[in-house]
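To start, the structure itself, in structure tokens.
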Amino acid sequence: MATATVKATYSLDPGTICRLEEIARHWGVSKSEALRRAIRAAAAGPAAGPSEPLAALDALQRGTALTPAATKAWAAQARKERRASSARPGKSAR
């Protein structure tokens with residue numbers, strides 16, 4: 001039984017078209033089939049929203065259990081090390 005298709009026109013930037021062609025070649029399918037597979041995969045995956053990266057960062061930061069004082073001490077030590085590594089010979093770091 002044939003699958004019904006609908007012709008549609010979309011505007012894609014040249015870089016996206018190039019990637020679509022590469023994917024289609026790699027999979028050995030038409031560009032239309034590659035696009036259908038990509039859309040199905042995106043629809044089946046977890047909904048990616050703009051807040052997901054921030055939520056991941058928040059979770060990572062909560063997991064460190066750093067106190068404000070420990071964070072300040074770490075930042076001061078990192079600054080000191082950066083200054084020491086970038087100091088010119090004969091000059092002392094602050």
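What follows is calculated from the coordinates using simple rules that are stated; it is not laboratory data. All of these numbers come straight from a predicted model, not from anything done at the bench. Ideal geometry is used to build each Cβ from the backbone, glycine not excepted, and the neighbour counts take in all protein chains shown.
Computed values, structure above
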read-out: Unit charges on C-beta of K, R, D, E only; dipole of the chain, Debye; value: 720 debye
read-out: Principal axis dimensions, largest first and in whole angstrom, of the chain by Cα; value: 77, 35, 23
